[in-house]
Structure formats: C-alpha cells, structure tokens
1. What ³J(HN,Hα) values, in whole Hz, does the Karplus curve 6.51 cos²θ - 1.76 cosθ + 1.60 give for region 48-59 when θ = phi - 60°, with x put for Gly and Pro?
2. How many Lys pairs in the chain lie less than 24 angstrom apart by Cα atoms, where the lysines are 8 or more positions apart or on different chains?
3. Across region 117-130, in residue order, what do the Karplus-derived ³J(HN,Hα) couplings come to in whole Hz, using 6.51 cos²θ - 1.76 cosθ + 1.60 with θ = phi - 60° and x for Gly and Pro?
4. Taking the Cα atoms of the chain, what is the range of coordinates along each of the three principal axes, in descending order and whole Å?
5. Quick query: amide H of residue 240 versus all other amide H atoms, modeled in the peptide plane; which residues come in under 5 Å with a sequence gap of 5 or more or a different chain?
6. Enter the angle in degrees (range 0 to 90, nearest 10) between the Cα long axis of helix 214-230 and the first principal axis of the Cα atoms of the chain, meaning the one along which they spread out most.
7. What number, in percent, do you get for the relative contact order of the chain if the mean sequence gap of Cα pairs under 8 Å and at least 6 apart is divided by its residue count?
8. Classify region 168-267 as rounded, prolate or oblate from the Cα gyration tensor: take a ≥ b ≥ c as the square roots of its eigenvalues, call it rounded if a/c is under 1.5, otherwise prolate when a/b beats b/c and oblate if not.
Amino acid sequence: YQAKEGGGNVAVYDSARDAASTDQLALLAELREALETDDQLVLALQPAVDLATGAPTGVEALIRWRHPRRGWLSPHDFIRPVENSEQLGTFTRYVLDKALSVAAGWARDGLEVPISVNLSARSLLDPRLPGEIADALRRHQVPAHRLVLEITETVVMSELEVIDEVLATLRSMGVQLAVDDFGTGFSSLTFLTRIAVDELKVDRSFVIRMADSPEAAAIVRTTVGLAHELGLRVVAEGVETAEQRMALAELGCGAAQGYHFFKPMPADKIGAVLGQLLDEARPNVFPLRADG
Ligand code: C2E
Ligand code: MG
Ligand code: MG
Ligand code: MG
C-alpha cells in the first residue's frame, strides 16, 4: 500500500521486487539440491471416480515440496519460477519418473489405473520430451496408455508448431492427453481442433458456481456435451459437496475429482484406497440420469 503514496515510494517497490527475485534465485538453488536428494519433492495423489459406478478412473499426481527450512510448499509457491528456469527439464523428468514408479507399483499389485501428470506448458517446447517419456515408460514397464498428460490451454498461444509436433508424437506413442482447467484458457476450442485429446477436465471455478450461477452451470453442461460429441472423457475438478456430485451426474458428467471424494494423499495410502474403490464399485445398472 505504501507504493500508492507517491513517487518517492517507487524505491520501496523496487527493493521489494529485488528481494522477491533474490528469494526466487535462492529457491531455485534449493530446488537444484532437492532434485538431487530423494525425499524433498513428493507426490500427493488424488483419485478421480466414475460418477455412475464409483470405480476409480484415474489418479492425479500433484507435486509438494517438503522444504527443509520453509516447510511444506505447494506448487503455487514454486512452479512459476521453475517454469522460467533452466531446471524445468530436470524437474519434469523427476515428476514423471516418480509418477511412473508409483504406477509401476500398482501394476505389481494388479491395479491397472492410469496416472495423470501435470505438464508445464513450456516443457512442451522441448522436442526431446517424447523420447524421454518413452524411456521412462520403458524403464518402469508402464504401458503408454496408462499415462495421462494434463496440459492447460494457455500453453498453446505461442510456438504452436513445436508444441503440436511434441503432442502428436506423444499421442502416437499411445500416451493420453487431457486438457486441464478446461474453459479458463483463451483458445480452448481452437485447441481441440488442432490436437486430438482424450479427456477434458472441467475447471473447479465452474463446478463451485454451478448451483447459483446459470452461466457456470451452462458452461459445465456444454463442456459435458462437447466431450460426448467428440468422444472424450470428461472429469469435473474440485467437487466438494454431494449436491455438486449429483448435479454433475445428472448432467451426464462421467467422472469427478475433489475433496468430496478424496483429498490428495501420500503414495503409501493410495494403493489401499484404489483396491477398495475397485472392490466396492457398483455395476452401472441403476443409471443416475433420469433419461438414462
Ligand atoms: P490442477 O492440475 O488443476 O490441480 C488441481 C488442484 O486443485 C490441486 O492443487 C488439488 O490439490 C486441488 N484440489 C483438488 N480437489 C479440490 C477440491 O475439492 N477443492 C479445492 N479447493 N481444491 C482441490 P495443487 O496440488 O495445489 O496444484 C495446483 C496446480 O499446480 C495444479 O492445478 C497444477 O496446475 C500445478 N501442478 C501440480 N503438480 C504439478 C507438477 O508436478 N508439475 C507441474 N508442472 N504443475 C503441477
Ligand atoms: Mg491437473
Ligand atoms: Mg485442473
Ligand atoms: Mg483447476
């Protein structure tokens, strides 16, 4: 607020910014260290469930940083600086490797559930990415179709050619693609005409407002319809209440993810949860849709 009081305070603003960038540099140095050790960067895992049967449709890997001095950091605290640094490639490989090792563990237990990994837009600018992913899949002996890469549409504004080629290569390998935060980007619909994807994830902001905003409800309904028309899966993000779950089921939304079902959990908890969900999954004999 001081910066508003007059020209003399510009210096205050600048030094704050310098402090922030010094802090980011420190953070990046610390990240380098974290990427070399094995216990600081951990994945939290959150299942998505089929709204008709309760079966798990997939599990999303969400990165957390157990920082030795700063405590637990969320992606919002460090992803942006990582994306703008030279460490993005190392970071991306690290997350993919951890996620695939988790999925390989499930496969050993007979759980054939896909794992979803969030990719930073900028990592799609690296033409080496598909080869690295192919290596990681081979190393962990995870079939390509069991990996889902979540990308956000905003990615896609610049350097379309490289990105399209990287995504097309990944897809030809059999890796699945999901559009994350669908509806919040600038070019969502154009994106779908350029790149074949497998899944749309309805952004949480629409799910939250569904009950009291006809506009938000219309966006969810339209996204579900679009997904059906294009033959894509659709997953609603950030479902927190039974009302939201039922409204989504009524709209024909296939799957949902959110605190109403599960909060993101540590890797050593997820196997048991998946096993239980698979055991308890209802056969889809009582359609939730009135017209079903
Ligand atoms: P996202 O991919 O859209 O992930 C959903 C976010 O919503 C996660 O936050 C998740 O913990 C949170 N969430 C899930 N269910 C609920 C709910 O019912 N209510 C509320 N309020 N929140 C819910 P998180 O883990 O903090 O991640 C934030 C974002 O950071 C992610 O958004 C994703 O874009 C990014 N991210 C996470 N992990 C990675 C990663 O490994 N690499 C990259 N590049 N980005 C990542
Ligand atoms: Mg995501
Ligand atoms: Mg999302
Ligand atoms: Mg979101």
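Read the figures in this text as sums done on the coordinates, not as results from a lab. In this text, all values refer to a predicted model and were calculated from it rather than measured experimentally. When we count neighbours, we look across all protein chains shown, and the Cβ atoms used for this are built from the backbone with ideal geometry, even at glycine.
1. Ordered by residue, 3J(HN,Hα) equals 10, 10, 6, 6, 8, 10, x, 5, x, 9, x, 9 Hz.
2. Value for the chain: 4.
3. 10, 7, 10, 5, 2, 5, 5, 6, 7, 9, x, 7, 4, x
4. 68, 48, 39
5. HN-HN under 5 Å from residue 240: 260.
6. 70
7. Contact order relative to length: 19 percent.
8. oblate
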